[in-house]
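The values are calculated or read from the model by the stated rules, or taken from the named source; none is laboratory data. Bear in mind that the values here come from a model prediction, so they are computed numbers and not experimental data. All Cβ positions, glycine included, derive from the backbone under ideal geometry; neighbour counts span all protein chains shown. Protein only, heavy atoms only, side chains kept; ligands, DNA and RNA dropped before computing areas. Shrake-Rupley method; radii C 1.70, N 1.55, O 1.52, S 1.80 Å.
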Amino acid sequence: MERHGEDNDLSAREIEVLVLVSKGYINKEIAEKLGISLTTVVTHRKNITEKLGIKSVSGLTIYAVMNGYLSPDSI
């Protein structure tokens, strides 16, 4: 899937967190999967929602699909 539009300056790690959130993982699972602390996951999620202005998981999922971070088949 091809990305389009601005990436709103999301870091590579924030994109990884965004994708995992979109796939339905909870914070603890994301922390374990990425080998980072729970606090770091929460901070990344806070930064993502502030940068994108999207607070809901469904909204973040739509954003991830529309910007090519995630294919609709993988959720």
Per GNM of the chain with C-alpha springs under 10 angstrom, the most fluctuating residue out of 57, 41, 19 is 57
Short to long, in 5 Å steps from zero, the percent of alpha-carbon pairs of the chain per bin is 3, 17, 31, 27, 17, 5, 1
Summing -39500 (n - 2.57) over every DSSP H run of at least 4 residues in the chain and dividing by its residue count gives a helix-only mean residue ellipticity at 222 nm, to the nearest 500 deg cm²/dmol, of -18000 deg cm²/dmol
Listed residues 52, 60, 18; largest mean-square fluctuation, Gaussian network over the chain with Cα springs below 10 Å, found at 52
Over the chain, with neighbouring protein chains present, the accessible area per residue in Å² at probe 1.4 Å is 61
If the chain between residue 34 and residue 11 were fully extended at 0.36 nm per residue, the gain over the current Cα-Cα distance would be 6.8 nm
Once both label points are put 7 Å beyond Cα along the C-beta direction, the residue 73-residue 47 separation in nm becomes 3.2
